[in-house]
Each structure stands twice: as C-alpha cells, then as structure tokens.
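Below is one structure, written out as structure tokens, with a few remarks after it.
The values are calculated or read from the model by the stated rules, or taken from the named source; none is laboratory data. Not measured: the values here are computed from a predicted model. Cβ coordinates were reconstructed from backbone atoms using ideal geometry, including for glycine residues, and neighbour counts include every protein chain displayed. These accessible areas exclude ligands, DNA and RNA; they are computed on the full protein's heavy atoms, side chains included. Shrake-Rupley method; radii C 1.70, N 1.55, O 1.52, S 1.80 Å.
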Amino acid sequence: MLRRSGRLFLALGFASVSMMLMAWFDSMSADRAEALRVTRSDLQTLEQQINLLKTPDMQKTLEVLEEDMDSLRIRLVEVLTQLPQPASVLSVEYEHAVLSQALDDTDMDTIRVLRLELRMVVQHAIGFLEMLTRIDEAIPVWPHDVQACMIHRTAQDHLQVACALDFYHWNSGQQQASMVITGGSERAEGLVS
C-alpha cells in the first residue's frame, strides 16, 4: 500500500510538473507572440513615418529645418521688404533681435528666440491681418506667436500698429556651441514705405 501511495504521489508530482511546464510554455509563447505583435506594429509605424518623410512637401520642410538663424532672419526681411506690400499697408518699420537668453529644452537642443518688433501704419485692420498672413506664409515651419500688439487710430483715420512676434529656432548640440550669443543681443533694423 505504501508503494502504491508512493507511486501515486510520484505520478501526481510528475503530472503537476508537466502541467506547470505546459502553463509556463504557453505563457512564454503568449509573451513572445505579444512581443512579435508589438515589434510588427512598431515596424509598420516606422515604415509609415519613413514614407511620410520621403514626400516632396516633407523634404522641403526638412530642408527649412536645417537652416540656421540667419536664414530665418533673411526670410523675415524678404517678406517685410521685397514683396509688394498689401495696398492697405502704408508703411512698415521693423527691428529684430535674438533674445539673449535661450530656452534650454534638452542637452542636445537649445531653443533661441528671434523677436520681431513690427510697426506699421495701415488704412484698416485688414492690412494688418494681411501682413501677419504673409509672415505666416513665409515662415511656415518655425513655430512663432504674437506676444503683444498695440493698435492706435491716427489723426488721418489710419491705424498705427506695433507688435512683438517671437520666432522659435533650434539647432543641434554641435551647431549650438558656435552660435550662442553672449552678453546681449544682435540687432537689425529696417524701414519700408
């Protein structure tokens, strides 16, 4: 009887070990299947991103993002001076400066702020909005926002507008070291009528 119970315990032990091994194997198979599914999903996402980056519009965007701060300044000056102004814009004055304090995002990238101080005399508000639209169209990639605007009516029933716009520009860590401005800001001024 003792032998029978020993054999029974041995058979039960063997069966339970076999069931635990089967459960462990099923768990490992499920984990591997899930890992494979996640990997395939990540691969598909990367392939979609690569295809998106290969589109002509995205290539132009990437080229613009590789430009330095001087190219951004040139684009701003061109839109303010070389394009014919909207009919309702009577005069444009501008001044731009790189703010002396950069915004640190990470160790690799530093965000620099180009402040454009724009002063205009316009016949009506639509001229002001057209000028902002032109700036938006000339600088479609770099994030920018209007910090403040003051609008006053002149004696000739025109509007005098003064705005501060900030354009955010970043460089990779290697380019950043040679471009950081110390002790103040760079300035450029212009007048267009």
- Message: Being among the hydroxyl-bearing types (Ser, Thr, Tyr), over 30 Å from Phe128 (Cβ atoms) and either open to solvent by 100 Å² or more (accessible area, probe 1.4 Å) or at pLDDT 75 or above (or both) is the requirement here; does Ser41 meet it?
- Response: yes
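Criterion first (of a type outside the set (Phe, Trp, Tyr) and either assigned to a helix (DSSP H, G or I) or at pLDDT below 85 (or both)) does Asp136 satisfy it?
Working: of a type outside the set (Phe, Trp, Tyr): yes; either assigned to a helix (DSSP H, G or I) or at pLDDT below 85 (or both): yes.
Criteria met by Asp136.
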- Please work out if Leu80 is modelled with pLDDT of 85 or more, closer than 30 Å to Val122 by Cβ and assigned to a helix (DSSP H, G or I). yes
- Being of a type in the set (A, V, I, L, M, F, W, C), open to solvent by less than 50 Å² (accessible area, probe 1.4 Å) and at pLDDT 80 or above is the filter here, so list the residues in region 143-183 that pass it. Leu159, Val161, Ala162, Cys163, Ala164, Leu165, Phe167
